[in-house]
Amino acid sequence: RRQAQMCLRGPPYPVHECPIYEAFRDGRIHRANTEVFWRKDGSNFPVEYISTPMQDQQGNVIGTVVAFQDITQRKWAEALLQRTNEELELKVRDRTAELQQANEQLQELSELKSRFVSMVCHEFRNPLNNILLAASSLERYDAQFSPDQRREYLNGIKTDVERMTQMIDDILVIGKIEAHKLMIQPTSIDLVQFCQSLVTEMQLTADWQSCLIISRHRHLIAELDEKLLRSILSNLLDNAIRYSRDRTPIKLQLLKRQGQAILRVIDQGIGIPQEDMPYLFEPFHRGKNVSNIPGTGLGLNIVKRFVDLHHGQIHVDSALNVGTTFTITLPLHYPTQLG
């Protein structure tokens with residue numbers, strides 16, 4: 001016969017593929033567990049059958065004994081085991097991904113800690129050395145110094161102490177924000193008067209070039225945290241001074257648009273390299289073109305965090321050797337339902 005039997009799934013298959021008749025051909029035991037038996041009602045159940053050859057006294061195969069067994073429970077258990085294994089594998093993959101992400105975060109924290117330690121050592125070493133040198137000079141040559149020379153050394157010490165104090169304050173502020181312990185306290189502020197007072201105050205305490213305040217408004221009232229706003233503008237104005245060419249004017253522009261206050265700090269300085277832009281607000285990051293200029297890399301990170309606390313936005317436009325514009329957009333009315 002060309003066909004041995006009907007495959008239990010329906011279609012026929014040749015004799016040489018039938019496990020039962022394979023026992024006739026090679027005289028070995030054959031096992032199959034991938035077939036089903038069909039009931040009269042059209043349902044089926046999985047079976048396993050073993051085809052064992054029967055031999056005469058001369059060793060010739062004269063028949064086979066086929067034993068069938070219902071393996072429904074085994075197949076159910078195998079399916080359950082496979083499903084359980086797949087679920088476990090999925091959980092293992094998810095857990096592995098979580099652990100990998102946690103490891104990456106730990107690596108980032110480790111790198112951040114290393115950068116922090118390096119920054120602190122570097123930024124504190126210079127003013128401490130300056131203070132030590134000034135103190136030693138005053139101790140050794142005090143009698144030879146004129147009053148103006150003594151005043152110059154003392155002012156240098158004061159400047160270096162203030163610089164270190166500011167760095168410590170910046171670090172503490174970031175720590176408070178990370179711990180969610182810095183609370184915003186918005187009050188009604190006249191931005192025009194506030195900016196005029198801030199610029200005047202900063203010009204009295206630093207060797208500033210011209211800073212031009214541009215505003216079409218005589219008054220611009222907004223609900224902002226005065227202390228945080230002072231830090232935002234002070235950092236941006238300090239950067240504009242630090243990275244500008246000598247004596248080039250700086251502009252502080254105030255606008256009002258669709259219920260928002262817009263503040264722009266515009267300089268004509270060295271600009272920011274394009275490759276540094278994605279990392280501009282990361283803590284301790286400093287541009288490739290400012291390595292010879294003192295700084296901690298914390299100022300812009302603090303600015304960004306304070307702007308976020310006001311539910312505002314910050315945008316930067318910059319071109320190398322042309323200048324930089326920082327644009328701060330803040331709601332005129334603090335959204336207390338979000339705060």
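The values are calculated or read from the model by the stated rules, or taken from the named source; none is laboratory data. Keep in mind that this is a model prediction, so the values were computed, not measured. Ideal geometry is used to build each Cβ from the backbone, glycine not excepted, and the neighbour counts take in all protein chains shown.
The C-beta contact set for region 130-154 (first residue under 25 Å from P294 (Cβ atoms), second residue among the hydrophobic types (A, V, I, L, M, F, W, C) and surrounded by 12 or more Cβ atoms within 10 Å (Cβ to Cβ), distance under 6 angstrom, 6+ apart or interchain) comprises I131/I157; A134/I157; Y153/A134; Y153/L138.
Tell me which residues, restricted to region 282-314, are polar (S, T, N, Q), buried (at least 17 other Cβ atoms within 10 Å of the Cβ) and not in a loop (DSSP other than H, G, I, E, B). Outline the logic, then answer.
Kept after step one, since they are polar (S, T, N, Q), are these residues of region 282-314: 289, 291-292, 296, 301, 313.
Okay, now just the ones that are also buried (at least 17 other Cβ atoms within 10 Å of the Cβ), so 296, 301.
Listed by number, the list holds a single entry, N301.
When you look at I266, is it in contact with a strand residue (DSSP E or B) (Cβ under 7 Å, 6 or more places away or on another chain) and not polar (S, T, N, Q), yes or no? Against the criterion (in contact with a strand residue (DSSP E or B) (Cβ under 7 Å, 6 or more places away or on another chain) and not polar (S, T, N, Q)), I266 qualifies. Listed here are the strands (runs of 3 or more DSSP E) enclosed by region 170-281 that have at least 1 residues being touching a Phe, Trp or Tyr at 6+ places or on another chain (Cβ under 9 Å) and modelled with pLDDT of 85 or more: 221-224, 250-257, 260-266. Of all positions in region 148-156, none carries a residue that is modelled with pLDDT of 85 or more, under 28 Å from I272 (Cα atoms) and either not in a helix (DSSP H, G or I) or not assigned by TED's automatic domain parsing to the domain that holds R286 (or both). Residue pairs whose Cβ atoms lie under 6 Å apart, sitting 6 or more positions apart in sequence or on different chains, and linking a residue in region 36-65 that is among the hydrophobic types (A, V, I, L, M, F, W, C) and surrounded by fewer than 13 Cβ atoms within 10 Å (Cβ to Cβ) to a partner that is modelled with pLDDT of 85 or more and not in a strand (DSSP E or B), are F45/T72; I62/D56.
Inside region 211-252, residues that are in contact with a strand residue (DSSP E or B) (Cβ under 7 Å, 6 or more places away or on another chain), of a type in the set (S, T, N, Q) and either touching a residue at least 60 places away in the same chain (Cβ under 8 Å) or more than 30 Å from P335 (Cβ to Cβ) (or both) make up a count of 1. Residue check: A240 meets all listed conditions (1) on the phi > 0 side of the Ramachandran plot; (2) touching a Ser or Thr at 6+ places or on another chain (Cβ under 8 Å) but one, namely (1). Of the strands (runs of 3 or more DSSP E) lying entirely inside region 7-109, those containing at least 1 residues that are in contact with an Asp or Glu (Cβ under 9 Å, 6 or more places away or on another chain) and at pLDDT below 90 span 30-38, 44-55, 61-70.
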